[in-house]
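**Student:** Below is one structure. I have some questions about it.
The values are calculated or read from the model by the stated rules, or taken from the named source; none is laboratory data. Computed from a predicted structure; not experimentally measured. Quick reminder, even Gly has a Cβ in these numbers, built from the backbone with ideal geometry, and neighbours come from all protein chains shown.
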There are 2 protein chains.
Amino acid sequence: MQKIEEANREALRRILEGDPVLIDVVPAHSVIPALRDQAILHAGPPIEWERMCGPMRGAIAGAIVFEGWAPNLNVATELARSGAVAFHPNHHFDAVGPMTGMTTRSMPVMVVENRRFGNRAYCTINEGLGKVMRFGGNDAEVLGRLAWLRDVLGPALGAAVRGAGGIELKGIIARGLTMGDEMHQRNVACTGIFLRQLAPWLARACRDGEQLADILAFIGGNDQFFLNVAMAMGKAIMDPVRGIEGSSVVTAMCRNGTDFGVRVSGTGDTWFVAPVEMPEGLYFPGFGPADANPDMGDSAIVEAIGLGGFAMAAAPAVAGFVGAGSASSAALFTQAMREITVGENPEWTIPTLDYAGVPTGVDIRLVVDTGLAPVINTGIAHKEPGVGQVGAGVVRAPMACFEQAVRALAERLGVK
Amino acid sequence: MQKIEEANREALRRILEGDPVLIDVVPAHSVIPALRDQAILHAGPPIEWERMCGPMRGAIAGAIVFEGWAPNLNVATELARSGAVAFHPNHHFDAVGPMTGMTTRSMPVMVVENRRFGNRAYCTINEGLGKVMRFGGNDAEVLGRLAWLRDVLGPALGAAVRGAGGIELKGIIARGLTMGDEMHQRNVACTGIFLRQLAPWLARACRDGEQLADILAFIGGNDQFFLNVAMAMGKAIMDPVRGIEGSSVVTAMCRNGTDFGVRVSGTGDTWFVAPVEMPEGLYFPGFGPADANPDMGDSAIVEAIGLGGFAMAAAPAVAGFVGAGSASSAALFTQAMREITVGENPEWTIPTLDYAGVPTGVDIRLVVDTGLAPVINTGIAHKEPGVGQVGAGVVRAPMACFEQAVRALAERLGVK
């Protein structure tokens, strides 16, 4: 149908023309009005407390204590259950968050501006590995680290980013793809490139040598630091693609640990929701599939822009980490995603594929026609509150979301 | 011949057991006794002034001015020609240097200790790209940068490395190989990993914020910063392999811009020398093959330990940079080098080859039998003094060096 083809060309054009630049780091409440009330943003499509999974509830309890709305986790859980705290998806406020995706009022968020279209997107700072709030962690260690992010790293990072005049992100991604990153489960190269650019500005912004050393060690010691930057970038790139009449291109994929949600350009801000699937992957020593929570997080926004599972060919080393088979078979995932995308990105290319661009722009019609669901590289959280990450794997977006979306788009366009 | 096989197994064992650690950065004269006199160390096998190429002469003139032995380049050139300055190969004093390989008394050198065997090796700090002494540059900008390396970066780097308790290098190489580096013409990943480890210690070592910012910007702005670390590492790994009676494994390959020199374990410190070849590669805009100097530098020590051209499969992006064909054909170079090496390195593996180890330990017999000369990734210098880098390419070690070496080893072992 010609109208859909034209709309999808426009969608692809907007994706490729996006010019995301990290411009600042600021307290979340200063840019997200909903957080001026007693509210918490979470990953995935909308969900009420009763249907939330264990790690999401654990993270919310921790976030309530962190914000000082309750003295301890038990009181916090009661408060959450009582309805006194409002819960909203990050996606409803120009934001994204990994795994549980907690965004609360005092947390620093990175601000990515899409200079081509003028919109902005937000994401919190990556907490590192181990016991962290994004995986449902909520003890004193977790909250102490969040306080340090709020009081030390966030302000220094903001000053450094402003000093640098912003950090242009597209070029970092292009380099990262030549260095084995796919920007979802592997961000080691981009984290290094990012730190190399920002370190001199951190030195100028933070004149306390020990504090600066802590900051440099925190960023340098976290291979996934760049993930949250990539996520804010993904949101900033995809938001201008929303609302193109007739377009069947996916603008967001996200999970709250219970439901998987998909948004499509031609159907506005409707969420197409289905039960989220369980990742297939590898577990850290002492854990197994029985410990795993179903898939979670807004991070699949990076797959929506052609990275993560879609760029697996660039990251043979990640194939082993997520249990997706041999390194040499990583390219098969990227090839398969070509079957369900409307184009490729000539600026984000993969050397081992002789510089073919990453497959870009998921077309819900192609997903349903081929039966190939988008492949997402993901971390795996423990299903109980407070435990944390237990592995990493690959998960497929549920086909039911795409079937619903195709029906809704067809109805809207008046076709059968 | 069994004796040779056993000797080569011992050679491979010593290469693989090497444990190189960057332990300090110190003025060259403090660790290289020859530099207490009016002497200069250069790349490649021994050579007298009359036979030196243009960029080598240009670098020497600049180095003489830098050390204050002459007031300007003309007087410096006369001094060099007069015989009043002694010239020695870096390799004769546990050192290596890229391209012209200038090492003079006040230059800071990085100290890499092979903790398994107790030996140490030295290399100067990489000057960055553009007009630099290693490519024959010698003007005020070049000398000013060298003074900053001597007065600011060198001391800070030394303090940081000592603060960190040394930087273990084998693991950095292992990660770099999963991130597209081959550690000769591409060191972008290793430079990032190195800076991530060292940045907190630099912050503790240098309390002047602007100076620290300059240091972080200098390292972070130079994708080849790690090359000189890799070279000192290569020298530290290969030196304990020297002098194994009967071994046909290469312990050093180097070039002075006129001659290519090869040393072999079983023939002690003899240099097997032949005219150096011209790299085949790509030129920067405005330059071409007519501008090029023949191959130069001690950097081929990285090929001797299985990196550089031998690890091309890990670095598809470098294939285009050095004009070695399509990215997907990079693996062919690594496969070919398997034909002339005695083993592979199980700790340094290449994801796209399903984690096969890099081909390690060049056997001069296999080189001569197969007619496959070692492949070296290299920078290309302008043939005139003072110009600098004009391109990058691939060069083969001259077959004549290996033919001479095979004859000498056979003679020594009493075989025909």
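**Student:** Being more than 15 Å from B:I173 (Cβ to Cβ) and surrounded by 24 or more Cβ atoms within 10 Å (Cβ to Cβ) narrows it down to one residue among B:A300, B:A315; which is it?
**Tutor:** Result of the check over B:A300, B:A315: B:A300.
**Student:** Here is a follow-up. So for the range A:339-349 (the condition being more than 9 Å from chain B (Cβ to nearest Cβ), under 22 Å from B:V318 (Cβ atoms), surrounded by fewer than 16 Cβ atoms within 10 Å (Cβ to Cβ) and among the charged types (D, E, K, R)), does at least one residue qualify?
**Tutor:** Yes - at least one qualifying residue is present in the range A:339-349.
**Student:** Give all pairs with beta carbons closer than 6 Å in which a residue from the range A:250-261 that is under 13 Å from A:V96 (Cα atoms) and in a strand (DSSP E or B) meets a residue that is among the acidic types (D, E) and modelled with pLDDT of 95 or more; count only pairs at least 6 apart in sequence or on separate chains.
**Tutor:** Listed by first residue and then by second, the contacts come to A:C254/A:D298.
A quick yes/no check of all residues on (1) assigned to a strand (DSSP E or B); (2) hydroxyl-bearing (S, T, Y); (3) surrounded by fewer than 21 Cβ atoms within 10 Å (Cβ to Cβ):
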site: B:E50; (1), (2), (3): no, no, yes
site: B:M56; (1), (2), (3): no, no, no
site: B:A63; (1), (2), (3): no, no, no
site: B:G68; (1), (2), (3): no, no, yes
site: B:E78; (1), (2), (3): no, no, yes
site: B:M99; (1), (2), (3): no, no, no
site: B:V109; (1), (2), (3): yes, no, no
site: B:G118; (1), (2), (3): no, no, yes
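**Student:** Right, something else. Which one is farthest from B:G171 (Cα to Cα), of the residues in the range B:192-225 that are outside any helix (DSSP H, G or I) and more than 7 Å from every other protein chain (Cβ to nearest Cβ)?
**Tutor:** Among those residues, the one meeting the criterion is B:D208.
**Student:** Among the residues of the range B:237-296, which ones are acidic (D, E) and under 30 Å from B:E17 (Cα atoms)?
**Tutor:** Answer for the range B:237-296, where residues must be acidic (D, E) and under 30 Å from B:E17 (Cα atoms): B:D239, B:E245, B:D269.
**Student:** Taking B:V132 as the residue in question, decide whether it is under 18 Å from B:M231 (Cβ atoms), modelled with pLDDT under 95, among the β-branched types (V, I, T) and assigned by TED's automatic domain parsing to the domain that holds B:T191.
**Tutor:** Yes: the conditions hold for B:V132.
**Student:** Here's a follow-up. Which one of B:A95, B:A86 is within 14 Å of the chain's Cα centre (by Cα) and within 19 Å of B:P27 (Cβ to Cβ)?
**Tutor:** Of B:A95, B:A86, the one residue that is within 14 Å of the chain's Cα centre (by Cα) and within 19 Å of B:P27 (Cβ to Cβ) is B:A95.
**Student:** Still on this model: With respect to B:A11, determine if the residue is closer than 25 Å to B:A156 by Cα and at pLDDT 95 or above.
**Tutor:** In short, no.
**Student:** Further, regarding this structure: When you check A:G137 against the structure, is it in contact with a His (Cβ under 6 Å, 6 or more places away or on another chain) and farther than 29 Å from A:R207 by Cβ, yes or no?
**Tutor:** Spelling it out, it is not the case that A:G137 is in contact with a His (Cβ under 6 Å, 6 or more places away or on another chain) and farther than 29 Å from A:R207 by Cβ.
**Student:** Which of the residues that make up the range B:274-287 are surrounded by fewer than 21 Cβ atoms within 10 Å (Cβ to Cβ) and touching a residue at least 60 places away in the same chain (Cβ under 8 Å)?
**Tutor:** B:A274, B:P275, B:E277, B:M278, B:E280, B:L282, B:Y283, B:F284, B:F287
**Student:** Okay, moving on. Taking the condition of being more than 25 Å from B:G180 (Cβ to Cβ), in contact with an Asp or Glu (Cβ under 8 Å, 6 or more places away or on another chain) and buried (at least 24 other Cβ atoms within 10 Å of the Cβ), how many residues in the range B:218-249 meet it?
**Tutor:** The number of residues fulfilling the criteria is 3.
**Student:** Go through the range B:357-376 and report how many residues are over 18 Å from B:P275 (Cα atoms), of a type outside the set (V, I, T) and buried (at least 24 other Cβ atoms within 10 Å of the Cβ).
**Tutor:** 3
**Student:** Among the candidates B:F284, B:F272, which residue alone is away from every other protein chain (no Cβ under 14 Å) and more than 20 Å from the chain's Cα centre (by Cα)?
**Tutor:** After applying the criteria, what remains is B:F284.
**Student:** Would you call A:V152 at negative phi, of a type outside the set (F, W, Y) and surrounded by fewer than 19 Cβ atoms within 10 Å (Cβ to Cβ)?
**Tutor:** Criteria met by A:V152.
**Student:** Restricting to the range A:26-48, what's the tally of residues that are modelled with pLDDT of 95 or more and not in a helix (DSSP H, G or I)?
**Tutor:** 15
**Student:** Run A:E113 past the list (1) in a helix (DSSP H, G or I); (2) buried (at least 19 other Cβ atoms within 10 Å of the Cβ) and report the number of the one that doesn't hold.
**Tutor:** Evaluating A:E113 over (1) in a helix (DSSP H, G or I); (2) buried (at least 19 other Cβ atoms within 10 Å of the Cβ) leaves (1) as the failure.
**Student:** Could you name every one of the strands (runs of 3 or more DSSP E) located completely within the range B:302-416 that has at least 1 residues being more than 20 Å from the chain's Cα centre (by Cα) and in contact (Cβ under 8 Å) with a residue 12 or more places away in the chain?
**Tutor:** The qualifying strands (runs of 3 or more DSSP E) are B:341-350, B:356-362.
**Student:** Follow-up. Being at the interface with chain A (Cβ under 9 Å from one of its Cβ atoms) and more than 18 Å from B:T352 (Cα to Cα) is the filter; apply it to the range B:160-191 and report the residue that is surrounded by the fewest Cβ atoms within 10 Å (Cβ to Cβ).
**Tutor:** B:V188
**Student:** Hey, another quick one. Out of B:F87, B:F135, report the one residue that is among the aromatic types (F, W, Y) and buried (at least 24 other Cβ atoms within 10 Å of the Cβ).
**Tutor:** B:F135
**Student:** Restricting to the range A:146-187, what's the tally of residues that are part of a helix (DSSP H, G or I) and under 20 Å from A:A232 (Cβ atoms)?
**Tutor:** 22
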